[in-house]
Amino acid sequence: MAKEKRFGHFAFRFSDPITQEVAQIWSVGWDEQKSQIYHWNGIERKDIDKCIFQYTLSGFGLIEINGKQYKVSPGYAFIVSSPSNYRYFLPKDSGQWEFIYITLCGKEADRCWGTVRKKSEQVLYFHPESTTIQLLKQIYDEAERKKITNAFKASSLAYQFIMELYQHLSTVDKEMKTWPESIVRAVLYAKNHFQSNIGPDDMAAASGLSRYHFTRVFKKSTGKTPIQYLTNIRLEKAMDLLENTKYSVEDIAKFVGYRNANYLNKVFQKAVGCSPTQFRKGAKHM
């Protein structure tokens, strides 16, 4: 089935000196590369004094840091700053590399990235449901909706992201065994394409497993069936839109991957216990 692409790049050039001193968002984006022309070199690139976090959603790329090479598969992110001795690129044996990224600048961002380099490898695993990745998606959403309108809002989001990254580093050694990579691929596919007409078959295809084996492994790993997991993603987004926007229920249904408002009403009523309209009216109290 055709999937909706949300690729985009948003740059911020606020001039307020206070926020530039501490931490500020330079850019945030969602991209997919399919050509070996894609290549960045940390010594040669012109955007110096920048801190880059790039998280793989599907496919894979390679990054070389101080001569050591890492495969950046779904669920993995790299953390680098410019200028430094790194290069990342799409290798010949990768058909595509889809990722979401954020670039920060400022003294606090640089200090955080220095802490990362001291505490851990610069290629780290992040669970698809981790607060770090959810916040990154939120920042992208706000940029896409033109909600980041001033230096202070952008700086606040930059600080939030830095704090989430610090928290991840403090707990990374305590995390339980991660999900299989096949399930991570399926979860990331669902989280990034729930707006389209996708279902468990598409998630299984993204995982690389047979439908039967995928369903069994997915339930064992997540505690939910694929359709339950996908429904939860859609309902959470629907509730966010009901509470924070003025879109009609019909529009929201289409935004979250349902064919019409009647279908969203049926699913919403069963899961939440009220209609979308009732939820919107009482959202602040629920």
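The values are calculated or read from the model by the stated rules, or taken from the named source; none is laboratory data. Note that the structure is a prediction, hence the values are computed from the model and not measured. Backbone-built Cβ (ideal geometry, glycine too); neighbour counts: all protein chains shown.
Report yes if PRO91 is assigned to a loop (DSSP other than H, G, I, E, B) and touching an Asp or Glu at 6+ places or on another chain (Cβ under 8 Å), otherwise no.
When the stated conditions are applied, PRO91 does not pass them.
Here's the yes/no breakdown for (1) under 21 Å from TYR140 (Cβ atoms); (2) out of contact with any strand residue (DSSP E or B) (no Cβ under 7 Å at 6 or more places or on another chain); (3) in contact (Cβ under 8 Å) with a residue 24 or more places away in the chain:
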{"site": "GLU181", "(1), (2), (3)": "no, yes, yes"}
{"site": "VAL187", "(1), (2), (3)": "yes, yes, yes"}
{"site": "ALA205", "(1), (2), (3)": "no, yes, no"}
{"site": "PRO226", "(1), (2), (3)": "no, yes, yes"}
{"site": "ARG234", "(1), (2), (3)": "yes, yes, yes"}
{"site": "VAL249", "(1), (2), (3)": "no, yes, yes"}
{"site": "VAL267", "(1), (2), (3)": "no, yes, yes"}
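Can you list the helices (runs of 4 or more DSSP H) lying wholly within the stretch 127-207 that have 3 or more residues being within 13 Å of the chain's Cα centre (by Cα), at pLDDT below 95 and not assigned by TED's automatic domain parsing to the domain that holds GLN24?
181-193
Answer yes if at least one residue in the stretch 16-33 is of a type outside the set (S, T, N, Q), within 23 Å of THR131 (Cα to Cα) and more than 20 Å from the chain's Cα centre (by Cα), and no otherwise.
Taking every residue of the stretch 16-33 in turn, at least one turns out to be of a type outside the set (S, T, N, Q), within 23 Å of THR131 (Cα to Cα) and more than 20 Å from the chain's Cα centre (by Cα).
Regarding ILE52, is this residue touching a residue at least 60 places away in the same chain (Cβ under 8 Å) and either assigned to a strand (DSSP E or B) or at positive phi (or both)?
no
Table: residues versus (1) modelled with pLDDT of 95 or more; (2) within 25 Å of ALA206 (Cα to Cα); (3) of a type in the set (Gly, Ala, Ser).
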residue	(1), (2), (3)
HIS39	yes, no, no
ASP49	no, no, no
LEU57	no, yes, no
TYR70	no, yes, no
SER73	no, yes, yes
SER81	no, no, yes
CYS105	no, no, no
LYS118	no, no, no
